[in-house]
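What follows is a single structure, written as structure tokens, with notes after it.
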Number of protein chains: 2
Amino acid sequence: MKRLAILGSTGSIGTQALEVVESHPDLFEIEILTAHSNAETLIAQAIKFKPNAVVITDVSKYELVKKALESTTIKVFGGEEALIEVVRWDTVDMVLGAIVGFAGLKSIYAAVDAGKTIALANKETLVVAGDLVMKRAAETGARIIPVDSEHSAIFQCLVGEYIENVEKVILTASGGPFRGKKPNFLVNVKASHALQHPNWNMGAKITIDSATLMNKGLEMIEAKWLFGLKNEQIDVIVHQQSAIHSFVQFIDGSLKAQVGIPDMKLPIQYAIAYPRRIRNSFKRFDFKDFGQLTFEEPDYKTFRNLALAKEAMNIGGNAPCVLNAANEITVQAFLQNKVDFLEMSDIIEKTMAKVVPIVSPTMEDYEQSDKEARLYAQELVKKSPLATH
Amino acid sequence: MKRLAILGSTGSIGTQALEVVESHPDLFEIEILTAHSNAETLIAQAIKFKPNAVVITDVSKYELVKKALESTTIKVFGGEEALIEVVRWDTVDMVLGAIVGFAGLKSIYAAVDAGKTIALANKETLVVAGDLVMKRAAETGARIIPVDSEHSAIFQCLVGEYIENVEKVILTASGGPFRGKKPNFLVNVKASHALQHPNWNMGAKITIDSATLMNKGLEMIEAKWLFGLKNEQIDVIVHQQSAIHSFVQFIDGSLKAQVGIPDMKLPIQYAIAYPRRIRNSFKRFDFKDFGQLTFEEPDYKTFRNLALAKEAMNIGGNAPCVLNAANEITVQAFLQNKVDFLEMSDIIEKTMAKVVPIVSPTMEDYEQSDKEARLYAQELVKKSPLATH
């Protein structure tokens, strides 16, 4: 029986993880559920899964949750600090890090510090502070199992192989809803349009990141740290059908790929069940639905976020942190129609140029760079013709 | 240093294996080379690689080889029996079984009996006598590493995985030079046409088997024994580009695939180097050459050899042995323009119906069934309008 702490249980990954848990009551037990502000869903989940504790990080919702669960034995905590404490509990066997954005970093770092096994869905943990996180994991024996479908694919291809035998990894990108489009088209797209991902059903932030290809850029940086690769060992190929979730190329020229229908439940299940594979009744891959798989080079010129992410990876230090912070601000602004699609890249690029580079940042440096980048990106958002409109 | 016995060193697989060996003198040493009748090549190989011994199974060539190597310390043996003896030598670390056809069975069985690690390129060993061979391997601790690209792909996908977690394997078939053709076309094709394989550069027998899809049928049976699968766990999909060499589908719905350019040197190197992967300078897979990968169901009605092989697998016992014997005769006849393309299936089907079924054959039974099937198939060949012409 594996006792799970699900950080961000009310989000897209969290709720799907709970579906997997519900299907396998013999394998999983919920120890902790946490949410930021979606108190209603958290309460419903708590009543259903009877965790030892819940955390609501938005303290203004604490009383609401506390009251709703007062007739139960479930412990209720509020605030960010509680999150960082509960992941360290001895009763937690595995932490599923499914909080979106920079906000997920501190709690994952605490779990790493406590030597936990972590199913990691939060990209920013490794994008922002991959060096610190992986160094600490090596010291504490914490193990990180990726949840992202691409990294799960690579992880699955590496089972039984030596990392020294990897020549490169090739992340597949669907290309998003605007694959093949040019700037003159992109300048006019709206958030509602970008939210229609052709293959994957995901949260809003990651869906916009898929449309800009920033998602793939963040994944390159994530892969670098997760698998201990050099920058030049990480490639991206556009594969519209999202059937092949990534490739690993070995030093003998052989490649392995992981394949499946585009459904996050599969990598979620793989990560929380690892090292087991669990029999399930998920829809099976059918070649009739995938009679043709295509591959093409990504368009770095049009989808500048991908080029910026690659640049940040190559610069290193606090550059990915700044990139990520600026991106979070611009995605939020784009979702609120305050900047247009192309301005997102402008703002990220300007923010990267503005924030002072740090070669070997501490966690405090990362927090500082994150703050600075957000403030500056916000200023730039305000100057957008759309925002001032 | 791994000391290799290469059985069938003058054939397509054997010569490519020697190229790999030549590139890695630090890893491999040639202990034994064997050939059937190509004395000239065997002599040249022996002078170059300085094995401990060579075997020429066609005894009429023995004196020729003996004389050519008399100034060296290389031991020279003649005849089938010598083959069966030398593979058992303590100085042999690995046996590469690259003899084509039923003729390869006895020597591989001797290597299995001696508990050797075997890189297996000879399909017939498992097609004909998979039950006996694998049972004996389990007793002696012999390990079989596949050389066939499809089985190598499956083997590579299974590294680090549990065989109990396999839901099915999906062998990819290029479809051969006559993919999409119908009987009215096939009745007129000649051997020279069938020998033009679109993707793979292989020996004549296997190239014809690729054109009839018998090759894929034999591979299904081979996979069954090699990986201990049930018949219903083995599927075939036509994948024209031969980039994906096969798939494994696991019980959680995840699939893994091995990918690479169609070049036998890669699986040959993998098998003889296993469990290592060796860095090499083989041409790398390039998505520009494989921008589109297609998949379609095989046409069992037109390519009846595939259906017959599947039927033989399902019947079991000596049925695959009979199928294989009849196929060897018909391929030989087709290469000599003594039967047409479609008659090959007719003859195999009739031979399968003629030879008395044996549920649990001994090795002697297999030899007997093989003989009977060959005789009967030969008779049928003689009755072909082409043969009597």
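The values are calculated or read from the model by the stated rules, or taken from the named source; none is laboratory data. As the structure is a prediction and not an experimental result, all values here were calculated from the model. Neighbour counts are summed over all protein chains in view; Cβ atoms, including those assigned to glycine, are modelled from backbone coordinates with ideal geometry. These area figures cover heavy atoms from the full protein model, side chains too; ligands, DNA and RNA do not enter into them. Shrake-Rupley method; radii C 1.70, N 1.55, O 1.52, S 1.80 Å.
Results, tabulated for the structure shown:
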{"quantity": "Protection-proxy order for peptides B:199-212, B:118-131, A:216-229, each taking the mean of Cβ atoms within 10 Å per residue, highest first", "calculated": "B:118-131, A:216-229, B:199-212"}
{"quantity": "Spin-label model distance (nm) - B:VAL359 vs B:LYS371, 7 Å beyond Cα toward Cβ", "calculated": "2.5 nm"}
{"quantity": "Estimated vicinal HN-Hα couplings, Hz - region B:326-339 in sequence order (Karplus 6.51, -1.76, 1.60; Gly, Pro = x)", "calculated": "4, 5, 4, 5, 5, 5, 4, 5, 5, 4, 9, 6, 9, 9"}
{"quantity": "Ascending list, in nanometres, of distances separating the B:ARG279 label from those of the other copies (7 Å, Cα toward Cβ)", "calculated": "4.4"}
{"quantity": "Ranked order, B:SER281, B:SER345 - accessible area, probe 1.4 Å, largest first", "calculated": "B:SER281, B:SER345"}
{"quantity": "Computed label-point distance, nm, for sites A:LYS135 and A:LYS48 using a 7 Å Cα→Cβ extension", "calculated": "4.2 nm"}
{"quantity": "Relative contact order of chain A, pairs being alpha-carbon contacts under 8 Å that are 6 or more residues apart, as %", "calculated": "14 percent"}
{"quantity": "Of all accessible heavy-atom area on region B:2-146, the percent that carbon and sulfur account for (1.4 Å)", "calculated": "52 percent"}
{"quantity": "Accessible area buried, both sides summed, chains B and A with 1.4 Å probe, Å²", "calculated": "3700 Å²"}
{"quantity": "When the protein assembly as shown is reduced to its Cα atoms, the Kirkwood hydrodynamic radius in Å", "calculated": "28.9 Å"}
{"quantity": "Peptide A:269-277, shielding by other chains (average Cβ, 10 Å cutoff)", "calculated": "3"}
{"quantity": "Anchor A:LYS288: aspartates and glutamates whose Cα lies under 16 Å away (excluding residues fewer than 8 positions away in-chain)", "calculated": "B:ASP235, B:GLU296, B:GLU297, B:ASP299"}
{"quantity": "Residues with amide H under 5 Å from that of A:ILE99, placed H, sequence gap 5 or more", "calculated": "A:ASN122"}
{"quantity": "Note, ³J(HN,Hα) from phi for region B:362-379, Karplus 6.51, -1.76, 1.60, rounded to Hz, x at Gly and Pro", "calculated": "8, 4, 5, 4, 4, 5, 5, 4, 4, 4, 4, 4, 4, 4, 5, 4, 4, 4"}
{"quantity": "Per-pair calculated FRET efficiency, R0 = 41 Å: B:LYS350 and B:GLU167 via Cβ, rounded to 0.05", "calculated": "0.70"}
{"quantity": "Local electrostatic count, A:PRO51, Cβ distance below 14 Å [Lys/Arg +1, Asp/Glu -1]", "calculated": "+1"}
{"quantity": "Three semi-axes of the equivalent ellipsoid, region A:316-389, Cα gyration tensor, whole Å, largest first", "calculated": "24, 10, 9"}
{"quantity": "Quarter of Cα convex hull surface for region A:2-146, i.e. mean projection, nm²", "calculated": "7.7 nm²"}
{"quantity": "DSSP beta bridges in the protein assembly as shown [antiparallel fraction, %, rounded to 5]", "calculated": "35 percent"}
{"quantity": "Inter-chain Cβ neighbour average for residues B:243-254, partner chain, 10 Å", "calculated": "6"}
{"quantity": "Size descriptor, Kirkwood hydrodynamic radius, that averages inverse alpha-carbon separations across chain A, Å", "calculated": "21.3 Å"}
{"quantity": "Per residue, the convex hull volume that the Cα atoms of region A:155-196 enclose (Å³)", "calculated": "110 Å³"}
{"quantity": "Closest Cβ on chain B to the rotation axis that carries it onto A (distance rounded to whole Å)", "calculated": "B:GLY160, 1"}
{"quantity": "Chain B, helix-only ellipticity at 222 nm - DSSP H runs n ≥ 4, -39,500 (n - 2.57), divided by all residues, nearest 500", "calculated": "-14000 deg cm²/dmol"}
{"quantity": "Per residue, in Å², the accessible surface of chain A once ligands and nucleic acids are set aside, probe 1.4 Å", "calculated": "39 Å²"}
{"quantity": "Sequence-distant residues sharing a close amide H with B:THR117 (under 5 Å, placed H)", "calculated": "B:VAL95, B:ARG143"}
{"quantity": "Ranked packing of A:354-367, B:264-277, most packed first, by mean Cβ within 10 Å", "calculated": "B:264-277, A:354-367"}
{"quantity": "Whichever lysines have a C-alpha closer than 19 Å to that of A:LYS310, once near sequence neighbours (fewer than 8 apart) are set aside", "calculated": "A:LYS123, A:LYS168, A:LYS216, A:LYS224, A:LYS230, A:LYS301, A:LYS350, A:LYS354"}
{"quantity": "Fully extended contour minus Cα-Cα distance, from B:GLU311 to B:LEU386, at 0.36 nm per residue", "calculated": "24.2 nm"}
{"quantity": "Equivalent ellipsoid semi-axes - Cα gyration tensor, region A:35-83, angstrom", "calculated": "15, 11, 10"}
{"quantity": "Of all DSSP beta bridges in chain A, antiparallel share, percent nearest 5", "calculated": "25 percent"}
{"quantity": "Three semi-axes of the equivalent ellipsoid, region B:210-306, Cα gyration tensor, whole Å, largest first", "calculated": "24, 18, 15"}
{"quantity": "Exposure ranking of B:ARG374, B:ARG179 by accessible area [1.4 Å probe, largest first]", "calculated": "B:ARG179, B:ARG374"}
{"quantity": "Accessible area of B:MET1 in the full protein assembly, 1.4 Å probe (Å², nearest 10)", "calculated": "130 Å²"}
{"quantity": "Backbone HN-Hα couplings from phi across region A:178-193 [Karplus 6.51/-1.76/1.60, Hz, Gly and Pro as x]", "calculated": "10, 3, x, 7, 10, x, 5, 7, 5, 4, 9, 6, 10, 4, 4, 6"}
{"quantity": "Distance (nanometres) between label positions extended 7 Å along Cα→Cβ at A:TYR300 and A:GLU379", "calculated": "3.0 nm"}
{"quantity": "Accessible area of A:VAL159 in the full protein assembly, 1.4 Å probe (Å², nearest 10)", "calculated": "20 Å²"}
{"quantity": "Per-bin percent of Cα-Cα distances, region B:103-182 [10 Å]", "calculated": "16, 40, 31, 11, 2"}
{"quantity": "Cα centroid separation - region B:59-99 against region B:333-389, whole Å", "calculated": "32 Å"}
{"quantity": "Computed P(r) (all Cα pairs; region A:85-129; 10 Å bins; percent)", "calculated": "32, 58, 10"}
{"quantity": "Those lysines that a straight Cα-Cα span of less than 28 Å connects to A:LYS75, excepting residues fewer than 8 apart in one chain", "calculated": "A:LYS2, A:LYS48, A:LYS50, A:LYS61, A:LYS66, A:LYS67, A:LYS106, A:LYS116"}
